[in-house]
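I have placed the structure first, in the form of structure tokens, so that the comments after it can refer back to it.
Where a number appears in this text, it was derived from the coordinates with a stated rule and is not lab data. Everything numeric in this text was worked out from a predicted model, so none of it was measured. Reconstructed Cβ throughout: ideal geometry from the backbone, glycine too, with neighbour counts over all protein chains shown.
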Amino acid sequence: SRSRGYQDAEVLNCVHKNNAVFSASVGGQVKIWDLRKRQVHRQYDLNRRLTAFDVHHHLPLFACVSEGSPSLLQLYNTKGELLTSRQRSSPSGGCTQRTIGFHPL
């Protein structure tokens, strides 16, 4: 069934945290998989193409960078609520950011 996978086949990143796996597709779908139940616990469609995705190791947050000029850096809680959004201008003019990460503290 399509509800378990992604409509676009290209997965951007997967991050394991506690009993869950967070995954994001290039097409903007974010899913939180419950490993105990082996099913999607929550899913969000961010309605934009993503170039980077990461999950905070200790706090209920995830961040993503979306394609565009300028690109957007967005921070969400794990309920899917947008907390903040910042425009990111590329120092090279047209290169899109491909990596993102939270500070390890």
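Applying the set (1) surrounded by 14 or more Cβ atoms within 10 Å (Cβ to Cβ); (2) under 15 Å from residue 14 (Cβ atoms); (3) not hydroxyl-bearing (Ser, Thr, Tyr) to residue 75 leaves exactly one unmet item: (2). When residues in region 37-64 are screened for being assigned to a strand (DSSP E or B) and in contact (Cβ under 8 Å) with a residue 24 or more places away in the chain, 14 of them pass. Annotation: of all residues in region 21-54 being over 14 Å from residue 80 (Cβ atoms) and touching an Asp or Glu at 6+ places or on another chain (Cβ under 6 Å), the one that is surrounded by the most Cβ atoms within 10 Å (Cβ to Cβ) is 25. Name the pairs: first residue in region 68-80 and in a loop (DSSP other than H, G, I, E, B), second residue surrounded by 17 or more Cβ atoms within 10 Å (Cβ to Cβ) and of a type in the set (Phe, Trp, Tyr), Cβ to Cβ under 7 Å, at least 6 apart or on different chains? Taking only residues 6 or more apart or on different chains, the pairs are 78/62; 80/44.
Scan region 13-36 residue by residue and report those that are within 16 Å of residue 66 (Cα to Cα) and free of Cβ contacts under 8 Å to residues at least 40 places away in the same chain.
Answer for region 13-36, where residues must be within 16 Å of residue 66 (Cα to Cα) and free of Cβ contacts under 8 Å to residues at least 40 places away in the same chain: 23, 25, 26, 27, 28, 29.
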